[in-house]
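As structure tokens, the structure follows; a few thoughts come after it.
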Amino acid sequence: MKITAFRNWSPDRMRKLCVNQGWFTCGTNKQYDEMMDYVRAHNASYEDMAIVASMIIENSNNSYFADYDDEGLIAHIMYWIEKEVVITLFNFEATYK
């Protein structure tokens, strides 16, 4: 049996995460739209998640961000994106001899 996985995310789930966490509160509407357009155009690879995390950091003013170094903060935000935004679907293909 061959198993493949497809990762996806949605702007609606990303918006909900940002609202719940108090993220992206300092960006403009244009910057926010650019982040959501990025989410629409990409498939939630780890690199994509890191780019979105960077966008969030650049446009947020959260006091607890100060507790992290740059890589730690990106990893922290990626954790929440993975947990709350990314959906992984699996495809099973039967293989016969």
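The stretch between residue 41 and residue 28, if pulled fully straight at 0.36 nm per residue, gains 2.7 nm over its current Cα-Cα span. Taking a ≥ b ≥ c as the square roots of the eigenvalues of the Cα gyration tensor, the stretch 48-96 is prolate, since a/c reaches 1.5 or more and a/b is larger than b/c. Around residue 76, with a cut-off of 12 angstrom between Cβ atoms, what is the net charge of the other residues, counting Lys and Arg +1 and Asp and Glu -1? Result for the local shell: -4. Angle between the Cα long axis of helix 46-58 and the longest principal axis of the chain, 0 to 90 degrees, nearest 10? Here the helix axis deviates by roughly 10 degrees.
Mean separation of Cα pairs under 8 Å and 6 or more residues apart, divided by the residue count, gives the chain a relative contact order of 53 percent. Computed over the chain, the per-residue total of -39500 (n - 2.57) for DSSP H runs of n ≥ 4 gives a 222 nm mean residue ellipticity of -17000 deg cm²/dmol, rounded to 500.
The modelled label-to-label distance between residue 69 and residue 95, using points 7 Å beyond Cα along the C-beta direction, is 4.2 nm.
Taking 0.36 nm per residue of sequence separation and removing the Cα-Cα distance, the residue 12/residue 82 pair yields an extension gain of 23.8 nm. Taking only the C-alpha atoms of the chain, Rg followed by Dmax gives 15.6, 59 Å. Compared with the dominant principal axis of the Cα atoms in the chain, helix 70-84 is inclined by about 50°.
Within the stretch 19-66, the ratio Rg/Rh, alpha carbon atoms throughout and Rh by Kirkwood, equals 0.97. Note on the chain: with neighbouring protein chains present and a 1.4 Å probe, carbon and sulfur make up 52 percent of its accessible heavy-atom surface.
The values are calculated or read from the model by the stated rules, or taken from the named source; none is laboratory data. The model shown is predicted, which means the values in this text are computed figures rather than measured ones. Here the Cβ is made from the backbone with ideal geometry for all residues, glycine too, and neighbour counts use every protein chain on show. All accessible areas refer to the heavy atoms of the entire protein, side chains included, with ligands and DNA or RNA removed. Shrake-Rupley method; radii C 1.70, N 1.55, O 1.52, S 1.80 Å.
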